[in-house]
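Each remark here refers to the structure printed beneath this line.
The numbers here are math on the coordinates, done by the rules we state, and not lab data. Since the model is a prediction, treat every value here as computed from it, not as a measurement. Ideal geometry is used to build each Cβ from the backbone, glycine not excepted, and the neighbour counts take in all protein chains shown.
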Amino acid sequence: MAIEPVGGLSLSLVSVRNLVACCPSWQAWTGVDQLAEELRFAAALQRVHLYAFPPPATPPLGYELSELESIRPAAVITTKPPSVVARSLEIYVRTRNATSSFVEMYTNYIYLQADVPNAYRDNPSDAYIDFTNRIGSLVDDMVELEGADLPEPVPYVQSVAMVTDVARIASDHNQTQGDFMETFLRITSGLKR
């Protein structure tokens, strides 16, 4: 990353990125759980992006299917809600708590995309259940890790919600992107400072 994130809004994105990369379920999903423990976080972090996927090898032509398959599963952390979610949602809120100090809360979105495993390509129910099982494990881990010894900045998780239905984008509909599943999670959190 060329620009260093500073300030609450940017740091909230980084904190959610770090949280996802620390999740044992994310590390298993991305296959880095087989690495030495001290290498897992950095390897898992390579699959969690801020605002967008890494640029394709040939930008004017877009991604090759093999490129997409090499970066999936992937998560993109963003402040932009999916188009099906109301645009009036608050991205940043600063409110007073009972002790008259300010509490900053951020709303970020996690876009998750993963290839459908070969074993489930011919069974739509199994493909959806596999994906939703992984999403459920990821949410469980994010809630469990809240308050744990995480890399700075550390998020205080208030809520995690799935805000779009799980969608399957099959290769017969789009030959260039492959057969994959996707969904959006909304995470509302603050920063422990």
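Can you check what the net charge comes to around Ser189, using other residues whose Cβ is under 11 Å from the Cβ of Ser189 (Lys, Arg +1; Asp, Glu -1)? Show your work: numbers first, answer last.
Numbers: positive: Arg186, Lys192; negative: Glu104, Glu146.
Summing Lys and Arg as +1 and Asp and Glu as -1 gives 0.
Our coupling estimate for segment 116-127, obtained by passing each phi through the Karplus curve with A = 6.51, B = -1.76, C = 1.60 and θ = phi - 60°, is 6, x, 3, 4, 10, 4, 9, 10, x, 4, 5, 4 Hz, Gly and Pro reported as x.
Sorting the segments 112-120, 134-142, 54-62, 29-37 by their mean number of nearby beta carbons within 10 angstrom, highest to lowest, gives 134-142, 112-120, 29-37, 54-62. Amide H to amide H distances under 5 Å link Leu50 with Ile77, where only residues 5 or more positions off or on other chains count and H is placed in the peptide plane. A cut-off under 11 angstrom between Cβ atoms defines the neighbours of Cys22, and their net charge, with Lys, Arg +1 and Asp, Glu -1, is -2. Between Glu152 and Ala52, the modelled labels are 3.0 nm apart [label points 7 Å from Cα along Cα→Cβ].
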